[in-house]
Amino acid sequence: MIRFHLKKLIADYEHRHGRRLTMGELAAETGIYRTTLSRIAGPKPFNTTTENLDGLCRFFGCQISDLVEYVPDQTPGP
């Protein structure tokens, strides 16, 4: 499973800049729809494009590994 750390990046941004970052502002800055950002930030797995990942990494000035983490499934193998 792929886990996104968008909420953590937003919290870090807010702490560094001393102000709130809204999904609307992030959407305007990255060109990513707010609904897409909300799904990426949500608890359920979500499939997104590399273009969206690129835009988020560019905005936050981070590496892909700061945004995305691979978590192996906990289901037993065959």
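What is the percent carbon and sulfur in the accessible area of the chain, measuring with a 1.4 Å probe over the protein chains and ignoring ligands? Intermediate values should be presented prior to the final figure.
On the way: 2950 of 5700 Å².
Its accessible area is 52 percent carbon and sulfur atoms.
Computed over the chain, the per-residue total of -39500 (n - 2.57) for DSSP H runs of n ≥ 4 gives a 222 nm mean residue ellipticity of -15500 deg cm²/dmol, rounded to 500. Each of I64, T35, T50 was scored by the projection of its Cα onto the charge dipole of segment 29-78, and the greatest displacement toward the positive side belongs to T35; charges sit on the C-beta of Lys, Arg, Asp and Glu. How much of the pair distance distribution for the chain lies past 21 Å, counting alpha-carbon pairs only, in percent? So the pairs more than 21 Å apart make up 26 percent of the total in the chain. On a per residue basis, segment 13-61 carries 70 Å² of accessible surface, using protein heavy atoms and a 1.4 Å probe.
Between H17 and C62, the distance separating the two model label sites (each 7 Å from Cα on the Cα→Cβ line) works out to 1.4 nm. Spacing of the modelled spin labels on K44 and I2, each 7 Å from Cα toward Cβ, amounts to 1.7 nm.
The values are calculated or read from the model by the stated rules, or taken from the named source; none is laboratory data. All values derive from a computational prediction rather than experimental measurement. Every residue, glycine among them, receives a Cβ derived from its backbone with ideal geometry; neighbour counts consider all protein chains shown. These area figures cover heavy atoms from the full protein model, side chains too; ligands, DNA and RNA do not enter into them. Shrake-Rupley method; radii C 1.70, N 1.55, O 1.52, S 1.80 Å.
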